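Here's the structure we're looking at; comments come further down.
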Amino acid sequence: MSESFLPRVRPRRLRATPALRRAVSETRLHPSELVLPIFVREGDDPVAIASMPGVVQHTLDSVRAAVNEAAAAGVGGVMLFGVPEVRDAMGSGATDPDGILNLATRVVADEVGDALVVQTDLCLDEFTDHGHCGVLDALGRVDNDATLERYSEMALVQAASGSALLGLSGMMDGQVAAVRAALDESGFIDTAILAYSAKYASAYYGPFREAVASTLQGDRRSYQLDPGNRREGLREAMIDIDEGADIVMVKPAGSYLDVLSDVAAASDVPVWAYQVSGEYAMIEAAAANGWIDRQRAVHESVIGIRRAGADTVLTYWATELAGWLNDGVVA
Ligand code: PBG
């Protein structure tokens, strides 16, 4: 290189000032693109979740303030999970109109149903004593088609409770078609379906198991996807769109950005991603140790998910991050 060498192309030119950087920024976040997952337990007192600092199991009372705070911050919606006291083989609590999730849905729909998209987890794992996402057959295997009947029943109770968007997270074959048919037959033609299409069998769900006091023995590898499979994630999303999913999802988010990008490129419905409990816990733990800048890491982790193709991100930081966006401390 000669002493007088001058670069012909200077990408740094557009990075020189905050105003230039802002003018050429390709990805921005907006509060409406964030969804807050919320846990609601039976009982009188909220309970902290040790592996998810800052996240609690709410009560039917304390959840009111949480969803109002989310609405005030402008988040797009809340995804509700129920934590029941009693569980059984069929997950009866899931279809009891007065089961904790359905009660919570009524409370939240009443509180913020006009401002937010009230969403519910449609899966049996929080309600079964064995902790699996479906009912078991005589040999102890998850029975796909018997589970579809339970999901269809759940869908009707959740829709009647005021859920606007059902989050089908159980990874049973045919679940979108079965739930769509059940809803339509009962007149719930406007209740929408969010299909957790490419849901991987992930270690990052670890803290969630504490969050819902899961009793799971074994693992979910006979129904959730193998982390190494990229093509299969796209295939699952295409099947769900064909079955009538209104929105498809990739989960977890951060370790599956390639799958997210593939699905976003192929999908003609909105594509969402779920930044799961373990993704939250890792950043919180590192930040608590002073090893990373918490605010920047939270923001960067969600920006990465949006950049890869997610239209909306489910994240436990939804309300806090929306507040930062509103205050202009991040974009
Ligand atoms: C199933 C469900 C799970 C999560 C959301 N829905 C757990 C699982 O599939 O094992 C995990 C969410 C998280 O880890 O934040 N009902």
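The values are calculated or read from the model by the stated rules, or taken from the named source; none is laboratory data. This structure is a prediction, so every number in the text was calculated from the model and none was measured. Cβ: placed from backbone, ideal geometry, glycine included. Neighbour counts: every protein chain shown. The accessibility values were calculated without ligands, DNA or RNA, using every heavy atom of the protein model including side chains. Shrake-Rupley method; radii C 1.70, N 1.55, O 1.52, S 1.80 Å.
Taking only protein heavy atoms and a 1.4 Å probe, what accessible area per residue, in Å², does the chain have with all protein chains in place? Don't jump to the answer; show the numbers that get you there.
Working: 15090 Å² over 331 residues.
Averaged over the residues of the chain, the accessible area is 46 Å².
Relative contact order for the chain: 18 percent, from Cα pairs under 8 Å spaced at least 6 residues apart, divided by residue count. Note on the chain: with charges restricted to the Cβ of Lys and Arg (+1) and Asp and Glu (-1), its dipole about the Cα centre is near 2120 debye. Between His132, Ala322, Ala71, the Cα set farthest toward the positive side of the dipole of the chain (charges on each charged residue's Cβ, about the Cα centre) is that of Ala322.
Rg and Dmax over the alpha-carbon atoms of the stretch 28-325 stand at 17.6, 54 Å.
Highest mean packing first, where packing is the average number of other Cβ atoms within 10 Å per residue, the peptides 114-120, 74-80, 271-277 line up as 271-277, 74-80, 114-120.
Evaluate E = 1/(1 + (r/R0)^6) for Asp129 and Ser25, where r is the Cβ-Cβ distance and R0 equals 51 Å; express this FRET efficiency to the nearest 0.05.
On the way: r = 50 Å, r/R0 = 0.97.
Approximately 0.55, to the nearest 0.05.
Relative to the longest principal axis of the Cα atoms of the chain, helix 277-288 runs at roughly 50 degrees. For the Cα atoms of the chain, what angle does the longest principal axis make with the long axis of helix 100-112, in degrees from 0 to 90, nearest 10? So the helix axis and the longest Cα principal axis differ by about 50 degrees. Restricting the calculation to alpha carbons of the stretch 1-121 gives Rg and Dmax of 23.3, 78 angstrom.
Rounded to a whole number of µm²/s, how large is the Stokes-Einstein D of the stretch 150-258 at 25 °C and 0.890 mPa s, given Rh as the Kirkwood radius over C-alpha pairs? Could you put the intermediate results ahead of the total?
Values: Rh = 14.7 Å.
Translational D for this selection: 167 µm²/s.
The angle between the Cα long axis of helix 257-266 and the main principal axis of the chain comes to about 80°, on a 0 to 90 degree scale.
For every other residue with a beta carbon closer than 11 angstrom to the beta carbon of Ala322, add +1 if it is Lys or Arg and -1 if Asp or Glu, then tell me the sum. Don't skip to the end; give the middle numbers.
On the way: positive: none; negative: Glu33, Glu69, Glu320, Asp327.
Net of charged neighbours comes to -4.
If r is the Cβ-Cβ distance from Arg15 to Asn289 and R0 is 30 Å, what FRET efficiency results, to the nearest 0.05? Approximately 0.45, to the nearest 0.05. Provide the percentage of antiparallel DSSP beta bridges, counting only those with both residues in the chain; round to the nearest 5. Approximately 10 percent, going by the DSSP bridge assignments. Given a 1.4 angstrom probe, I'd like the percentage of the accessible area of the chain that is carbon and sulfur, rounded to a whole number. That fraction is 50 percent.
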